[in-house]
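Worksheet for the structure shown next.
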Amino acid sequence: MNCNIAVIPGDGIGPEIVREARKVLDKVGEVYGHTFNYEELDMGGCSIDKYGEPLTDETLEKAKKSDSVLLGAVGGNVGQSHWYELPPDKRPEAGLLKIRKGLGLFCNLRPAVLFDELSGACPLKEELTEGGFDFVVTRELTGGLYFGDRYTKEVDGVMTAVDTLTYNEEEIRRIAKWGFEIASKRSKKVCSVDKANVLDSSRLWRKVVKEVSADYPDVELTDMLVDNCAMQIVKDPKQFDVILTENMFGDILSDEASMVTGSIGMLSSASLGEGTLGLYEPSHGSAPDIAGQNKANPIATILSAAMMLKYSFNMLEESDAIENAVKAVLKKGLRTIDIMDEGKTCLGTIEMGDAICAEIK
Ligand code: NAD
């Protein structure tokens, strides 16, 4: 197969981790007889410096024409970088919102997997995580509070800020379908998370999710309030298979889920729309504190590339080969600094990429 991948290295550690993911994809191509062609695109701070905006329309068009997009991370040191003196819609992260919206990506998948070999990094008590856990947060990405009308104005002499949270039934239905589709290929359990005791948008969410569930009789549906879900993730993460939720709740819960796995450097993500074009990126940010030092863990980006093979190119065996290579490397005791433990071998970003490539045979 011949695949055209738009590659967006971004800022900070982005270029380093994307380089390793490309290396792994090339190795997969070599072993399985595929050709991956890459077109490098600018987004984030590097695009601001070149073009004055975090994502130009031309770059977005190029991404749209690709078969899939692999992204490192964007952004700088929020307290220090000149990028954050710009208005919010000109800052690096605005590029992320624009590309997700522009590519019609409304579904974000963030797997939270506790790898056996890294169970020591998990901050939860051992009896809660014995045997590991493996769930996916399926988050609506282009609606809700982050995309609603907002303004700040003086009301009766008092500064007042307003953000609006809107969902229509179609937005809910299409993300709910993804949630059930994904669950039907996993352990067949959807936990739909909302705040239906308070919010109208959540009451509509709950109603539509229930309607969609009728088309998936073999998938079990439960509802959970978001505050309870935040507690359950640290109390009993093994109970979850697919957590299905709206934009802001998903933002917060997926970060919480990443923390209970122990290392943000291990967590991949995918953003999907109606077709096969997706955006694949690590869950972490651009880590400016360790950029350019060969210290970043490239595994989250490499596992994101594995998700790309699965969801955009339907290369299931190839995707498994990457996941197994990561597991093999961890089993050999190879680590990057963020997941380093006593008695293990600490590798740099490049060396970790090489070690993973070597396991793909
Ligand atoms: P961050 O995820 O970049 O870093 C948090 C901590 O985790 C840091 O100590 C960092 O060194 C460490 N870390 C992150 N990824 C790592 C990796 N692969 N290997 C080893 N250690 C790793 O979050 P932050 O510091 O809050 O944000 C930094 C910048 O990234 C900000 O500008 C923020 O807006 C941006 N950001 C971008 C994205 C994105 O591009 N999708 C997501 C989150 C944050």
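Rule-based calculations on the coordinates, nothing more; no lab input. All of these numbers come straight from a predicted model, not from anything done at the bench. All Cβ positions, even for glycine, are placed from backbone atoms using ideal geometry, and neighbour counts span all protein chains on display.
Relative to 2.2 N^0.38 Å, what does the C-alpha radius of gyration of the chain come to as a ratio? Two decimals please.
The chain yields a ratio of 0.98.
Order these peptides, 105-115, 303-313, by their mean beta-carbon neighbour count within 10 angstrom, highest first.
Details: 105-115: 21.9, 303-313: 24.1.
Going by the mean number of other Cβ atoms within 10 Å, highest first, we get 303-313, 105-115.
Give me the distance in nm between label points sitting 7 Å out from Cα along the Cα-to-Cβ direction at VAL155 and ASP236, one decimal.
Label-label distance for VAL155 and ASP236, simple model: 4.1 nm.
By what distance, in whole Å, do the Cα atoms of the range 109-207 stretch along each of the three principal axes, largest value first?
Largest first, the range 109-207 extends 58, 31, 23 Å along its Cα principal axes.
Which of the three applies to the range 186-333, rounded, prolate or oblate, going by the alpha-carbon gyration tensor with a ≥ b ≥ c and a/c under 1.5 meaning rounded?
prolate
Contact order normalised by length for the range 2-358, with contacts defined as Cα pairs under 8 Å and 6 or more residues apart; what percent is it?
22
Name the most mobile residue of ILE299, ILE350, ILE17, meaning the one with the largest mean-square fluctuation, in a Gaussian network model of the chain with Cα contacts below 10 Å.
ILE350
For the ranges 214-220, 155-161, what's the packing order if you count other beta-carbon atoms within 10 Å of each residue, average per peptide, and put the highest first?
Highest-to-lowest ranking by the protection proxy: 214-220, 155-161.
Using a cut-off of under 19 Å, list every residue of the range 345-361 whose amide N is near the label point 7 Å from the Cα of GLU30 along the Cα-to-beta-carbon line.
Within reach of a label on GLU30: 349-361.
Between LEU225 and GLU130, how high is the FRET efficiency from 1/(1 + (r/R0)^6) when r is the Cβ-Cβ distance and R₀ = 45 Å? Nearest 0.05.
For LEU225 and GLU130, the calculated efficiency is 0.95.
Give the lysines reachable from LYS125 as a straight Cα distance under 25 Å; neighbours fewer than 8 places away on the same chain don't count.
LYS189, LYS235, LYS238, LYS327, LYS331, LYS332, LYS344
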